[in-house]
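Read the structure below first, then the notes.
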Amino acid sequence: RRIALLGAPIDMGASQRGTLMGPAALRTAGLATLLESLDFEVVDYGDLSVAEVRDLADTPPEKANHYREIQRWTRVLSRRGYEIAQTGALPIFLGGDHTLSMGSVNAMARHWRQRGRELFVLWLDAHADYNTPETTITANMHGMSAAFLCGEPGLDGLLGDDPRASVNPDKLDLFGARSIDKLEKELMRARRIRVVDMRQIDEFGVAVLIRRVVERVKASNGVLHVSFDVDFLDPCVAPGVGTTVPGGATYREAHLIMELLHDSGVVGSVDIVELNPFLDERGRTARTAVELIGSLFGQQVTDRPTPSNAIA
Ligand code: DIR
Ligand code: MN
Ligand code: MN
Ligand code: MN
């Protein structure tokens with residue numbers, strides 16, 4: 001029952017600056033204290049830095065803003081995340097924009113593959129983040145992380161000689177989508193990427209849809225990484241985000257998702273990304289994110305018995 005916190009103050013993957021303050025805001029909102037109150041031992045590894053990293057010599061793609069800086073972060077996160085996972089702790093990666101996941105998910109996929117387990121990824125996000133340098137409109141790399149992780153071409157030099165552990169597109173579940181670019185959508189259709197959009201959530205409810213995700217993970221004895229982009233939430237409850245899209249998940253839907261994921265016992269690592277404290281209303285979004293992480297790790301109102309959340 002040990003949780004490792006690792007901050008990645010990175011904001012060059014988005015057009016709006018400020019997510020580099022995310023890790024500090026999540027700590028200020030009491031993340032470690034809350035997890036300790038839920039009986040976890042919490043080890044905070046502090047924030048990563050890329051100041052000392054030497055750049056690689058590959059040629060940056062044409063449409064990938066701040067490629068060099070993201071490349072540094074991806075390599076450092078991938079190595080450090082892997083080392084931390086090896087200690088047996090459950091890592092929570094604190095962002096930072098969503099390019100963080102290119103490193104964190106690569107690290108976890110590598111870690112579990114070595115142990116003969118397949119990594120599944122639940123991508124809670126208003127966006128699909130399935131652009132490549134070919135399809136992108138904005139050239140912002142936080143819109144490319146899911147595609148990179150699924151092995152799409154265009155950012156192949158990002159990890160240099162470090163091991164790349166791609167996620168099978170069949171193991172990725174996008175959840176909460178309501179903004180997908182045209183070429184991005186075409187690529188996703190070609191790859192048969194599973195997407196739960198907001199209309200499905202309205203029609204069927206999050207419980208049915210999340211259970212379906214969990215069942216798939218359990219059926220193949222997999223482990224689930226939850227990549228939580230704060231813009232998955234409706235802007236009314238999460239204003240502290242650079243790319244808000246109306247019509248997102250409510251506070252209650254989000255808590256129920258986290259509670260169901262806790263009960264499932266399949267969650268092995270988490271990202272919290274895109275929180276922008278510069279745009280937040282007195283820490284409201286940071287606090288909401290921390291409350292949701294509480295539910296993900298067993299916080300509940302009554303003593304209703306739930307299955308253990310240990311990974312077997
Ligand atoms: C848009 C917005 N699809 C892009 N993406 C994200 O820039 O590629 N916004 N991730 O948060
Ligand atoms: Mn995202
Ligand atoms: Mn997003
Ligand atoms: Mn975003």
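The values are calculated or read from the model by the stated rules, or taken from the named source; none is laboratory data. Because the structure is predicted, anything quoted here is derived from the model rather than measured. Quick reminder, even Gly has a Cβ in these numbers, built from the backbone with ideal geometry, and neighbours come from all protein chains shown.
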Original post:
When both residues are 6+ apart or on different chains and their Cβ atoms are under 9 Å apart, which pairs have a first residue that lies in the stretch 287-302 and is assigned to a helix (DSSP H, G or I), and a second that is among the hydroxyl-bearing types (Ser, Thr, Tyr)?
Top reply: Thr288/Tyr251; Glu291/Tyr251; Leu292/Tyr251; Gly294/Ser37
Subject >> Close pairs (8 angstrom Cβ cut-off, 6 or more residues apart or separate chains): on the phi > 0 side of the Ramachandran plot in the stretch 224-251, modelled with pLDDT of 95 or more and within 14 Å of ligand 4 (Cβ to nearest atom) anywhere >> reply: Gly247/Arg178
**OP:** Scan the stretch 134-149 and report the pairs whose first residue is more than 15 Å from Leu183 (Cβ to Cβ) and away from ligand 3 (no atom under 14 Å from the Cβ) and whose second residue is of a type in the set (Val, Ile, Thr) and part of a helix (DSSP H, G or I), with Cβ atoms within less than 6 Å and a gap of 6+ or a chain change.
**Re:** Leu149/Val105
Original post:
Within the stretch 123-151, can you find the residues that are more than 13 Å from ligand 1 (Cβ to nearest atom) and over 18 Å from Ile272 (Cα atoms)?
Top reply: Cys150, Gly151
Original post:
Among the residues of the stretch 251-278 satisfying the criterion of being closer than 21 Å to Asp47 by Cα and part of a helix (DSSP H, G or I), which is farthest from the chain's Cα centre (by Cα)?
Top reply: Phe278
Original post:
How about the stretch 95-124: which of its residues are over 13 Å from Thr74 (Cβ atoms), of a type in the set (A, V, I, L, M, F, W, C) and touching a Lys or Arg at 6+ places or on another chain (Cβ under 8 Å)?
Top reply: Leu119, Phe120, Val121
Subject >> All positions within the stretch 140-166 that are polar (S, T, N, Q) and over 16 Å from Ala14 (Cα atoms) >> reply: Ser166
Subject >> Filter pass, Glu134 being acidic (Asp, Glu), in a loop (DSSP other than H, G, I, E, B) and modelled with pLDDT of 95 or more >> reply: yes
**OP:** Scan the stretch 71-92 and give yes if some residue there is under 15 Å from the mean Cα position of the chain (by Cα), buried (at least 20 other Cβ atoms within 10 Å of the Cβ) and of a type in the set (D, E, K, R), otherwise no.
**Re:** no
Original post:
Would you pick out the residues in the stretch 140-154 that are away from ligand 4 (no atom under 14 Å from the Cβ) and in a loop (DSSP other than H, G, I, E, B)?
Top reply: Cys150, Gly151, Glu152, Pro153, Gly154
Original post:
Out of the stretch 203-221, which residues are touching a Phe, Trp or Tyr at 6+ places or on another chain (Cβ under 9 Å) and surrounded by 17 or more Cβ atoms within 10 Å (Cβ to Cβ)?
Top reply: Val206, Leu209, Ile210, Val213, Arg216, Val217
Subject >> All helices (runs of 4 or more DSSP H) inside the stretch 171-250 with 2 or more residues being within 16 Å of ligand 3 (Cβ to nearest atom) and farther than 26 Å from Val290 by Cα >> reply: 182-190
Subject >> Hits in the stretch 152-182 (condition: within 16 Å of ligand 1 (Cβ to nearest atom) and farther than 24 Å from Arg115 by Cα) >> reply: Glu152, Gly154, Leu155, Leu174, Phe175, Gly176, Ala177, Arg178, Ser179, Ile180, Asp181, Lys182
